[in-house]
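First up is the structure itself, then whatever we jot down about it.
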Amino acid sequence: MRYQEFGTTGMQFSELSLGTWGIGGAGWGDVDEATRLDAIVAAIECGINTIDTAPAYNAGVAECYVGRAVEALGCRDKVHIITKCGNTFVDGAYVRDGRRDAIKRQCQQSLENLRTDYIDLYLVHWPDPKVPLAETITTLQSLKEEGIVRHVGVSNFTQAQMEEASQLCQLEAYQGQFSMVHPQEQALMQWCQSQRMGVMTYGSMGAGILTGAQRTLQHYADNDNRSRFYKFFTEPMFSKVMDLLGKMDVIAAQRQVPLSQIALNWVAQKDFVSNTIVGAQHRHKIQENAQAFTWTLTPEELAILDAAVAVANSL
Ligand SMILES: NC(=O)c1ccc[n+]([C@@H]2O[C@H](COP(=O)([O-])OP(=O)(O)OC[C@H]3O[C@@H](n4cnc5c(N)ncnc54)[C@H](OP(=O)(O)O)[C@@H]3O)[C@@H](O)[C@H]2O)c1
């Protein structure tokens with residue numbers, strides 16, 4: 001595993017984080033509870049010391065699993081827990097709520113779910129257009145002053161929203177979608193880097209499509225995040241991604257590595273990326289992903305992949 005300091009926080013993050021949206025148990029297929037809990041244990045055993053979760057991941061279930069696994073391993077002081085606020089999951093729907101009282105309640109519930117008395121990094125999950133940004137951000141600032149959360153940041157914000165928020169609170173992290181099939185946030189992330197924020201990427205495996213496991217069009221249920229949130233498994237993107245996989249196949253064969261590791265190193269080697277989050281519910285997938293952080297792509301390989309990514313993401 002590779003480690004680096006996360007922004008200005010002083011925390012040493014593994015470059016790979018475990019994402020727990022799937023582990024929550026809603027919208028990512030049917031995986032049994034023991035396997036999902038074991039995934040968290042596997043991540044920690046692989047040297048992953050950052051776990052990304054949220055109350056919105058099946059209404060707190062993902063947080064509860066993280067709390068149970070970390071408590072059972074007795075490793076709370078060695079693991080950085082990142083959770084979020086301002087977005088809830090109610091009756092199968094995601095509902096934003098950035099009001100002060102709501103965030104304070106969410107934070108208290110997250111502490112209980114996670115079986116801890118502090119959160120290492122607390123992010124606003126999505127901006128809530130119904131609530132003044134200042135109300136949401138000053139609430140985070142007060143939670144930080146109380147010592148309940150150690151560091152704060154945002155996710156899915158625009159640059160203008162981050163500039164406004166920064167007037168009220170030092171933003172230490174940005175989390176956004178970035179992968180070979182969704183490189184559109186590069187400029188925003190470079191701006192975050194220029195502000196000395198730590199940058200975490202989500203969807204870094206393209207919701208699984210970059211593993212090459214699905215080479216024919218799939219049908220996912222309407223409430224599955226591979227049809228609801230990510231758009232890679234439908235045309236026209238699907239065919240473009242298949243062409244991209246063809247370029248990755250050549251490098252994978254030369255190096256004898258799985259495509260998943262190429263996808264992860266392409267993200268992690270961008271100098272503006274501090275941390276790459278991957279969601280996985282299975283021990284063997286997490287072990288495979290962790291192995292990506294034992295080698296790097298060469299400049300020549302990166303140039304080939306950058307060109308293929310540009311084609312795949314062109315209109
Ligand atoms: N801030 C936000 O708004 C936001 C939005 C989305 C996600 N996130 C965070 O970022 C994390 C990562 O994003 P994501 O989970 O949406 O998408 P992702 O990491 O791009 O893809 C997850 C999918 O990839 C599969 N996978 C992972 N490694 C694999 C491997 N080596 N071989 C085969 N399949 C593999 C997983 O399989 P299995 O699940 O079957 O094991 C799952 O289906 C989330 O879990 C969440 O913590 C944050």
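The values are calculated or read from the model by the stated rules, or taken from the named source; none is laboratory data. Computed from a predicted model, the values in this text were never measured in an experiment. Methodologically, a virtual Cβ is constructed for each residue, glycine included, from the backbone with ideal geometry; neighbour enumeration extends over all protein chains shown.
Summary of values
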quantity: Meets criteria (away from the ligand (no atom under 11 Å from the Cβ), buried (at least 18 other Cβ atoms within 10 Å of the Cβ) and modelled with pLDDT of 95 or more) for H125; calculated: no
quantity: Hits in the range 24-43 (condition: surrounded by fewer than 19 Cβ atoms within 10 Å (Cβ to Cβ) and either touching a Gly at 6+ places or on another chain (Cβ under 8 Å) or not in a loop (DSSP other than H, G, I, E, B) (or both)); calculated: A26, G29, V31, E33, A34, T35, L37, D38, V41
quantity: Single residue of the range 255-272 satisfying the filter (part of a loop (DSSP other than H, G, I, E, B) and hydrophobic (A, V, I, L, M, F, W, C)) that is farthest from Q193 (Cα to Cα); calculated: V257
quantity: Of residues in the range 129-155 being assigned to a loop (DSSP other than H, G, I, E, B) and closer than 17 Å to S110 by Cβ, the one nearest to the chain's Cα centre (by Cα); calculated: I148
quantity: Filtered residue count, the range 192-242, keeping only those that are under 21 Å from A268 (Cα atoms) and either part of a helix (DSSP H, G or I) or touching a Lys or Arg at 6+ places or on another chain (Cβ under 6 Å) (or both); calculated: 10
quantity: Residue in the range 166-174 that is in contact (Cβ under 8 Å) with a residue 60 or more places away in the chain and among the small types (G, A, S) present; calculated: yes
quantity: Lone unmet requirement of (1) buried (at least 20 other Cβ atoms within 10 Å of the Cβ); (2) over 15 Å from the mean Cα position of the chain (by Cα); (3) closer than 22 Å to D52 by Cα for F233; calculated: (3)
quantity: Tally, over the range 19-35, of residues that are closer than 21 Å to H125 by Cβ and more than 8 Å from the ligand (Cβ to nearest atom); calculated: 4
quantity: Conditions (1) surrounded by fewer than 17 Cβ atoms within 10 Å (Cβ to Cβ); (2) out of contact with any Pro (no Cβ under 9 Å at 6 or more places or on another chain); (3) assigned to a helix (DSSP H, G or I); (4) not basic (K, R); number of the one not met by A310; calculated: (2)
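Per-residue answers, yes or no, for (1) within 12 Å of the ligand (Cβ to nearest atom); (2) under 19 Å from the mean Cα position of the chain (by Cα); (3) at negative phi:
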{"residue": "F13", "(1), (2), (3)": "no, yes, yes"}
{"residue": "L37", "(1), (2), (3)": "no, yes, yes"}
{"residue": "G47", "(1), (2), (3)": "no, yes, no"}
{"residue": "A62", "(1), (2), (3)": "yes, yes, yes"}
{"residue": "A72", "(1), (2), (3)": "no, no, yes"}
{"residue": "T83", "(1), (2), (3)": "yes, yes, yes"}
{"residue": "T88", "(1), (2), (3)": "no, yes, yes"}
{"residue": "D91", "(1), (2), (3)": "no, no, no"}
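For (1) within 13 Å of the ligand (Cβ to nearest atom); (2) within 30 Å of F233 (Cβ to Cβ); (3) at pLDDT 95 or above; (4) aromatic (F, W, Y), each residue gets a yes or a no:
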| residue | (1), (2), (3), (4) |
| --- | --- |
| E135 | no, no, yes, no |
| E145 | no, no, yes, no |
| N156 | yes, yes, yes, no |
| Q161 | no, yes, yes, no |
| Q175 | yes, yes, yes, no |
| A187 | no, yes, yes, no |
| Q190 | no, yes, yes, no |
| M200 | yes, yes, yes, no |
| I209 | yes, yes, yes, no |
